[in-house]
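To keep things clear, I will list the structure first and then write my remarks on it.
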Amino acid sequence: MENESFEIECDELLKLQEYEKIIVLCDNILKSDSQNSIVLINKGYALAFLEQFESAITCYDEILKRDLNNSNALHAKSLALNRLGKYEHAIECSDNILRLDNGNIHALNNKGFALGRMGRYDEAIECCNIVLKTKSDDKDTLELIKWINEESNKIKN
């Protein structure tokens, strides 16, 4: 199966929230092509949607063994680590992306979220401010700032 047709099929299954079918499709391809990064990332996404974050991280790590700078795998791993409450590791993944692309909005937001969860509110806001310098209307960042401020105010009161 060509990567393009595979990706189209995965997109359709994602829209239908057929995550188990994506995993079966991926597993079938991985039997003959265990190193296929596109298949591994899609399997990881499906596992993450099913809240099987440890298994998803295993898929992302398989990609990162061969390509330490794969920003898609680093980003997805950071999200999964945040969901597991492994904030220091999520920050490491975000920092690896930021070494390659210091203005990466997704990495900055993921890092800001992790820092906020750790109570490091000033650092979290710094991440958000970097995003807002280039994209002042980024909804995710604006929502993150609101959440960080709410969390910070809870601690102060």
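The values are calculated or read from the model by the stated rules, or taken from the named source; none is laboratory data. Just so you know, these numbers come straight off a predicted model, no measurement behind them. Note: ideal-geometry Cβ built from the backbone for every residue, glycine included; neighbour counts use all protein chains shown.
Among the residues of region 113-149, those that are surrounded by fewer than 19 Cβ atoms within 10 Å (Cβ to Cβ) and closer than 19 Å to Gly85 by Cβ comprise Arg117, Met118, Gly119, Arg120, Tyr121, Glu123, Trp147.
Only residues that are over 12 Å from the mean Cα position of the chain (by Cα) and either of a type outside the set (D, E, K, R) or within 26 Å of Ser55 (Cβ to Cβ) (or both): list them for region 93-103, please. Those that are over 12 Å from the mean Cα position of the chain (by Cα) and either of a type outside the set (D, E, K, R) or within 26 Å of Ser55 (Cβ to Cβ) (or both): Asp95, Asn96, Leu98, Leu100, Asn102, Gly103.
Looking across region 64-73 at every residue that is surrounded by fewer than 24 Cβ atoms within 10 Å (Cβ to Cβ) and in contact (Cβ under 8 Å) with a residue 24 or more places away in the chain, the one that is farthest from the chain's Cα centre (by Cα) is identified as Arg66.
None of Asp137, Asp122 is farther than 17 Å from Leu47 by Cβ, among the charged types (D, E, K, R), out of contact with any Asp or Glu (no Cβ under 7 Å at 6 or more places or on another chain) and not in a helix (DSSP H, G or I) except Asp137.
Does Asn96 satisfy the criteria of being of a type outside the set (D, E, K, R) and modelled with pLDDT under 95? When the stated conditions are applied, Asn96 does not pass them.
Each residue in region 80-103 was checked for being in contact with a Phe, Trp or Tyr (Cβ under 8 Å, 6 or more places away or on another chain) and either surrounded by fewer than 19 Cβ atoms within 10 Å (Cβ to Cβ) or free of Cβ contacts under 8 Å to residues at least 12 places away in the same chain (or both), and 2 of them qualify. Taken together, Asp11, Asp27, Asp61 contain a single residue that is without any contact (Cβ under 8 Å) to a residue 60 or more places away in the chain and either assigned by TED's automatic domain parsing to the domain that holds Asp101 or more than 28 Å from Asp101 (Cβ to Cβ) (or both), which is Asp27.
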